[in-house]
Amino acid sequence: MTGPVLEMRGITKTFPGVTALSEVNLTVRPGEVHAICGENGAGKSTLMKVLSGVHPHGSYEGEIRFEGEPVAFRDIRASERRGIVIIHQELALVPYLSIAENIFLGNERATRGLIDWNETLRRASALLKRVGLREKPQTPVADLGVGKQQLVEIAKALAKEVRLLILDEPTAALNDEDSAKLLELILELRDQGIACIIISHKLNEIRRITDSVTILRDGRTIETLTVRESPDAEPRLSEDRIIRGMVGRDLDQRFPDRTPYEGEDAGQVALAVRGWTVRHPVDHQRTVVDDVSLTVRRGEIVGVAGLMGAGRTELAMSVFGRSYGNYVRGTVEVGGREVVTKTVPAAIDAGLAYVTEDRKRYGLNLIDDINRNISLASLPGMRRRGVVDEHHERSVAERYRADMNIKAPTVFEQVGRLSGGNQQKVVLSKWIHADPEVLILDEPTRGIDVGAKYEIYTVIDRLAAQGKAVLFISSELPELLGMCDRIYTMAEGRLTGEVARADATQELLMRQMTMNRS
Amino acid sequence: MTTTTTPPRSRPHEDPPRPTALTLLLDAVRGNMRQYGMLIALAFIVVLFQIWTDGTLLLPNNVSNLIQQNGYILILAMGMMIVIIAGHIDLSVGSVVAFVGAMSAVMMVRHDMPWVLALVLSLLIGAVAGAWQGFFIAYVGIPSFIVTLAGMLLFRGLTQIVLEGQSIAPFPDGFQNIAKGFIPEAGPYTQYHNPTLLLGLLAVVFLLLREWRDRRRQLAHALDVPPFGLWALKCTAITAAVVAFTLTLASFHGVPVVMLIMCALLITLGYVMRNAVIGRHVYALGGNKAAAKLSGVKDKRVTFLVFVNMGVLAALAGCVYAARLNAGTPQAGLNFELEAIAASFIGGASMSGGVGTVMGAVIGGLVLGVLNNGMSLVGIGTDYQQVIKGLVLLAAVGFDVWNKRRAGK
C-alpha cells in the first residue's frame, strides 16, 4: 500500500483563552472513507478548518502533508487548488442561481472574462450524471430539495478535481432515503480513488460506510480505530466501542452542592408537555419535534441531552410562544393548568422563560446597556402611573449586578462590551426578574470560561432551591450529570429515553442520543 | 459518581473609585457623544453666524422667524427619528405633507368646514395613511423602504388628483395662525410680552422641579448621585438658557404657536420613548428584533403604531406648512422626507436602528435650520447651501463612525 493521502501531525490551535486543538494527529489512507467522531466541541470542525485553510498556515502549530508533500494553505482557495474540498453542514449554494452556475461558482468556465455557457452546461451535465442527479443544469437550486442540493455540492466539489472530500454532518438534514443515496455515492467516489473524511454523529452510518474512525475528545486525538480490514469486509467495530472513546473522560468540572426545595408544593408538576409535535418552518415534510412528552417538577432540574440537530432547541422555542417552526399538536401545562402559549407574551404570562443558546442573536440588545437589557421582559411590571419607573428599573439592575456578580463598571455599560460569561448573567437576570415558574435554559454555559460556569451553576441551583422548575438543555454530558435530577435524551426529534440521576452514565446517555430510526 | 465541590472563586466586588464631578461630566458626555457633539456643533454654528451676520441671527424677530421656518421639518424629524430607531425608514412623509395639506384646503376652502374640525380630520387622514403603510410593513412584511417609496408616489399622485393640478387658497385666519400666529398678549403693558414671560417662568419651575425630584428619588433608591455643587451648576445653566430664550421671544411678539406645538410634542414623545413601555419596546426592536420578540415585545403592533404616529405627525406638519404657505399646492413638501432623515442622522440616529433620541432629532433639525437661515442671511446661494448641508451630514455621521471605531478598539 502506498503512503497516506493526508497526514496531520501535532496540530495545536489556540484561541484567546481556549486551546481548541492540542497535538492532534490524523492520517487518511488513499481510497478510504475516514470518520471523525467526537462530542460537540471536541474540536472536529476546528480541525477541518485548519485543514482547509480557513485557519491559515501560521495560525496553528503542527505539520500537514498532503499526498506526500508538506502543505501550507493561506486560505480555502489554496486548499481547493490542491483538491481538498469541504462541504459544510449548512450548504453554501446560492438559491437563485442555476445548478450549473452554482457548480462553477468561483471557478467559472470562461474565456477572457466572458462565461462560456456551452462549456458550462456540457460539463455540468456530465457532473450531474456522475453524482446521479437527474435534473437540468439550468434548474435554480432553490427548486431542489435538501438531498438534491447536497448532490449539487458534491458535483461542485468534483468540478474542482477533488482528491480529498470532507463532509460535515452530510446526512443531518436528510431523510432516510436521501441519506442512503448519499452514502452510496460516497462509496462510489471512494472506488474512483477519492478519499473522504466524514464527520458524523450517526454511529450506524459510520459502521456502514467507513474504513476507519478517529475519535477526538477535548481537542485531543484519543485513538484511531479500524472499522473493517478491507472495503468489502464486514465491520468489526461495535458502536459501543466508539461511544466509549467519545465520552471516556474523567469529570474535571465541579458543581456546587444542591439545596433541595422544601416548600409545601415540592414535587408538584410545574411543567408538563404532552405530545408536542412541530414541523420545519420551510420544509413542511420534515417533523423536527415528534410527539415529545415530558414533565418538570417544582424545585427540580431536568436535563435534555441530544446531539446537534436532535430537536432540543426547536422543542424549547416552539413551546415558548411557538417561536420556531409550525405547530402541529401538543399541549403545555404550567402548574397543572393547561395554557395556550401561541405568542411569546402569552408564554411569559403563563410563567415560562426561555434563555436562548445564542445570546448574541436572540438574547440581548447588544447596543443597549445592562440596565435596559435586564428590564426588557418585565417592563409592564415596572410601571408607575403608566410609565416605566426608571429609578426602580435602575435599582433592580444594580441588585442583579451585585447578586449575579456581573463585572461591569456601571449598569449603563453597553452589553456588547461584556465578556460571554457576563453577557449570559445579564440574560439570566432578565429572565429571573420576569419571575417565571419554569425556566428553560438552552446551553446556558456555552462559550464561557470555567469560573463563570461555576457561577451560573450556582444560580441555577439557587433557582431550583427557590422552587422554580428548570429544564436544562446541554450538549455537555458531564454538566447534565453533575446538575440534573433526571435527564431526557433526544434524537431526531423524538425522546429516546429518560434516566434518573442515580442511573445515568455518559455511555448510557450517548447510546440513547445516537439511537436513530434506520 | 462523585462531584467535589469547591466554593466559587472569591471575586470581591470592587467598588469603582468615587466619582468626581469631572469624571461624571466626562462620562455623561462620552455616553452621548453624538448628541453632545451636535449640541456643541449647534452652539458653534449659532456663534459663527451670529458674528458673521453682525448679530442679525439672534435678533428677536429672526429667532421667531427661524422657529416658524423650521417648525414643520422639526415635527417631521421627531417622527422620523422614532421610525429610524425602530429600524425602518419613511420616504413618504413629504408626499403625505402635500396630501394632507391638499385635503385640508379642500375641506376648508371648497367645503367651508370650520378649521378646527378640518384640522382634526386632517390628523385623522394622516393616521389612516400611516396605518395603511404600517399594515404592509408590520403585518405583511414588506420592507419599509419599498412600502414608503410606493407611498411617496401614491400620496403625491393623490395630491394632484385632489387638487386637479392647481393650488387652493386662502385659508381661514384661525388656521393660518397655526403657522404664523403667536400666543395672544394679555395683562398690563410691560416692555415684554407678558404670557411669554409667564410661560418661561413655568418652564423654569417645571425643569427645576423635575431635576429636584429626580435627585430625591435617586437618593431614595440609594443610587449614586452627582455631588450637590455639580447639580446646582447644571440647574443654573438650565435656568440661564431658558431665561435668555424667553426674554428674546418676549421682546418680539412672544411665543409662536408652532413652538408651543413643537414643545408639547418634544416633551410627550421624549417622555414616551424614554419612559413608556412602548417606547422601550421601539428601542429593543431596533436594537435586536429577534431578541425583542423572544422577550415578549409585540413586534408587529409596535411597528404598526410607529408608522401611525409618523402619519399623524406628517399630517400635522402638512397643516402647518399649508397654513404657512396659505395654500394647498401640488408641489408642497417636496424633499421634506430627506430633510427629516438628514436631521435624524445628524441628531444621532443609526442606520441599523436602536439608537437616537427625539431631542437629538430636534437638535439635528436645528443644525440644518440655523445653517439654512444663517447662510441665507449672509447671502450664500441655495446652490452652495445644498453643498454645505450635504457635507455637514457626511461629517456628522463620519465623526460618529470614527468615534465608535476608536472606542471599539
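Before moving on, here are some points about what is shown:
- Residues in the stretch A:139-183 that are among the basic types (Lys, Arg) and over 23 Å from the mean Cα position of the chain (by Cα): A:Lys156, A:Lys160, A:Arg163, A:Lys181.
- Annotation note: Cβ proximity below 8 Å between a residue of the stretch A:99-127 that is outside any loop (DSSP other than H, G, I, E, B) and a residue that is of a type in the set (Lys, Arg) and surrounded by fewer than 18 Cβ atoms within 10 Å (Cβ to Cβ) (sequence gap 6+ or interchain) occurs for A:Ile99/A:Lys136.
- Qualifying residues in the stretch A:363-374 (those that are in a helix (DSSP H, G or I) and within 25 Å of A:Phe472 (Cβ to Cβ)) - the one nearest to the other protein chains (Cβ to nearest Cβ): A:Gly363
- Pairs linking a residue in the stretch A:250-270 that is at the interface with another protein chain (Cβ under 10 Å from one of its Cβ atoms) and exposed (fewer than 12 other Cβ atoms within 10 Å of the Cβ) to a residue that is part of a loop (DSSP other than H, G, I, E, B) and modelled with pLDDT under 85, with Cβ atoms under 7 Å and 6 or more positions apart or on different chains, are A:Asp257/B:Thr5.
- Annotation for the stretch A:422-435: no member residue is touching a residue at least 60 places away in the same chain (Cβ under 8 Å), within 18 Å of the chain's Cα centre (by Cα) and crowded, with 18+ Cβ neighbours inside 10 Å.
- Of the residues making up the stretch A:78-93, those that are within 10 Å of A:Glu153 (Cβ to Cβ) and part of a loop (DSSP other than H, G, I, E, B) are A:His88, A:Leu91, A:Ala92, A:Leu93.
- Members of the stretch B:208-227 found to be touching a residue at least 60 places away in the same chain (Cβ under 8 Å) and either among the charged types (D, E, K, R) or part of a helix (DSSP H, G or I) (or both), listed by number: B:Asp224
- Options B:Lys289, B:Lys298: the member that is more than 26 Å from B:Gly174 (Cα to Cα), in contact with an Asp or Glu (Cβ under 7 Å, 6 or more places away or on another chain) and not aliphatic (A, V, I, L, M): B:Lys289
- If the condition is being more than 9 Å from every other protein chain (Cβ to nearest Cβ) and either touching a Cys at 6+ places or on another chain (Cβ under 8 Å) or crowded, with 20+ Cβ neighbours inside 10 Å (or both), then the stretch A:379-407 contributes A:Glu393, A:Val396, A:Ala397, A:Tyr400, A:Met404, A:Ile406.
- Any hit, the stretch A:429-448, residues being facing chain B (nearest Cβ under 8 Å) and not in a loop (DSSP other than H, G, I, E, B): yes
- Test: A:Tyr488 is within 12 Å of chain B (Cβ to nearest Cβ), more than 27 Å from B:Ala220 (Cα to Cα) and of a type in the set (Phe, Trp, Tyr): no
- Between B:Leu199, B:Leu230, the distinction of being in contact with a helix residue (DSSP H, G or I) (Cβ under 9 Å, 6 or more places away or on another chain), in a helix (DSSP H, G or I) and surrounded by 21 or more Cβ atoms within 10 Å (Cβ to Cβ) belongs to B:Leu199 only.
Quick grid of which residues meet (1) away from every other protein chain (no Cβ under 14 Å); (2) on the phi > 0 side of the Ramachandran plot; (3) of a type in the set (A, V, I, L, M, F, W, C):
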site: B:Ala332; (1), (2), (3): yes, no, yes
site: B:Asn335; (1), (2), (3): yes, yes, no
site: B:Glu339; (1), (2), (3): yes, no, no
site: B:Ser344; (1), (2), (3): yes, no, no
site: B:Gly347; (1), (2), (3): yes, no, no
site: B:Met351; (1), (2), (3): no, no, yes
site: B:Val355; (1), (2), (3): no, no, yes
site: B:Ala361; (1), (2), (3): yes, no, yes
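- Of residues in the stretch B:259-296 being closer than 27 Å to B:Ala317 by Cβ and of a type in the set (Gly, Ala, Ser), the one farthest from the other protein chains (Cβ to nearest Cβ): B:Ala264
- Restricting attention to the stretch A:425-476, the residues being closer than 24 Å to A:Leu294 by Cβ, touching a Lys or Arg at 6+ places or on another chain (Cβ under 6 Å) and of a type outside the set (A, V, I, L, M) number 3.
- Members of the stretch A:278-294 that are polar (S, T, N, Q) and either part of a loop (DSSP other than H, G, I, E, B) or modelled with pLDDT under 95 (or both): A:Gln285, A:Thr287
- Those strands (runs of 3 or more DSSP E) lying entirely in the stretch A:302-362 with at least 2 residues within 14 Å of another protein chain (Cβ to nearest Cβ) and touching a strand residue (DSSP E or B) at 6+ places or on another chain (Cβ under 7 Å): A:352-355
The values are calculated or read from the model by the stated rules, or taken from the named source; none is laboratory data. All of these numbers come straight from a predicted model, not from anything done at the bench. Don't worry about glycine lacking a Cβ; one is built from the backbone with ideal geometry, like all the others, and counts go over all protein chains shown.
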